[in-house]
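Undergrad: The structure is given below, and queries will be raised subsequently.
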Amino acid sequence: MIPRFWQSQLVGDLAPGEVETVEVSLVERAQLGNVLIYHSELQISGAIKLSLPLQTPDDERKLIEAQVRQHLQAYVDQLKPKQNLDVDQFVQAARAVESVLAVSWKAEDFAINRLENGISIPVPEVLQPGTNIIPVAEFEKVILAPEAEFVIASLVQLVMVSLTNLVIRVEIFGVPPNTDRDRLEVALQLALRASLETFCRELPQPAVGESLNYDDLTGNRLPELMRRACANLPWSKIRRLLVQPTPALNASFDTLDEAEIDRWTDLTNDLLKGARFIIQDLNLNGNTQNISVRITGWIRLAELRPEEVRFVLVDQTGSSGTGAGASGGVT
């Protein structure tokens, strides 16, 4: 008997309906290996952000991003039948690429669509509760979505958001009886306008990958910012505003003596520090909806000019918040 080298014949990629015969020699025995039989595909979409060395050229960044996609594809390809996808391990595959310093991701970016018979059906629950595990059932195969739907980026994409039609309702409490309402409105108007310098300069800017929640912005962050801006407005600045020449606005203070101007400064200061601020109207890029971004996006609020903000003053003294006694709008 003369020995000879031999090699088994492996089944290659076959077209649907195509059959290939595996020839087995005298010293071989056919045995079914790790075969994945499936009738539907779970397509993963989402995003991950790569941290690379700062001086990495753009062409090299694209090459690294392509290599990361290959590693992620290799990870899903090696999953065994009914093996769940561990997102932490899935992301770890990206870290294996040279020059990748870190990988960022957030669970809300991930989505699953079940592809079956040419129909795509969104899967409502992507991760198992309390875990980073994507469940895979019997006869399901995990695949990676195309580049447009599964984004791999090493640079963030700026998403500019404009704030328009901003109307702030200012509710004041504790107005003394017999107060000159015209004079009060002028004093409050001047102080509010001065506070807008701080308000516009310190608009909250989301972090990289952070979406902008409309209700949180209008119900919490902007009212609190306006409250702080008014609370930090110095008494001395309010007084200067009342006495400095301002056409058509502070004419009613021209005839007051120093003591009366101090009294009006105290009243204006106290009312603003005790006021309640409510965002009555606001558009984000023309809408009243959340602005969502993936981990690869970065929302930046565009510059807001003070003259674009309108105030509505409402005297709630002695009321339970019904809006009675509104002193009118301030432009």
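Undergrad: If R0 is 22 Å, what FRET efficiency do you get for Asp59 and Glu147 from their C-beta distance, rounded to 0.05?
TA: 0.85
Undergrad: Any chance you could run the full-extension gain for Arg95 through Asn213? It's 0.36 nm times the residue separation minus the Cα-Cα distance, nm to one decimal.
TA: Extending this stretch completely gives an extra 39.4 nm.
Undergrad: A follow-up question, please. For Ala229, what is the net charge nearby, where nearby means another residue's Cβ is under 13 Å from its Cβ and Lys, Arg count +1, Asp, Glu -1?
TA: Values: positive: Arg193, Arg201, Arg221, Arg227, Arg228, Lys237, Lys273; negative: Glu197, Glu202, Glu224.
Its environment carries a net charge of +4.
Undergrad: At q = 0.17 Å⁻¹, what base-10 log of I(q)/I(0) does the Debye formula yield for the range 40-155 when every alpha carbon is treated as an equal point scatterer in vacuo?
TA: -0.82
Undergrad: If you average 1/r over all unlike Cα pairs in the range 159-330 and invert the result, what Kirkwood radius do you get in angstrom?
TA: About 17.2 Å for the range 159-330.
Undergrad: If you take every residue apart from Ala137 with its C-beta less than 10 Å away from the C-beta of Ala137, what net charge results, scoring Lys and Arg +1 and Asp and Glu -1?
TA: Values: positive: Lys82, Arg114; negative: Glu138, Glu140.
Around Ala137, the charge tally is 0.
Undergrad: For Gly297, what is the net charge nearby, where nearby means another residue's Cβ is under 14 Å from its Cβ and Lys, Arg count +1, Asp, Glu -1?
TA: Details: positive: Lys49, Lys106, Arg294, Arg300; negative: Glu108, Asp109, Glu210.
Within the 14 Å Cβ shell, the charges total +1.
Undergrad: In nm, give the distance between the simple-model label positions of Gln70 and Gln157, each being 7 Å from the Cα along the Cα-to-Cβ direction.
TA: 2.4
Here, each number is a calculation from the coordinates, and none is a lab measurement. Here the structure is a predicted model, which is why all the values come from computation and not from measurement. FYI the Cβ positions are ideal-geometry reconstructions off the backbone, even for glycines, and counts take in every protein chain you see.
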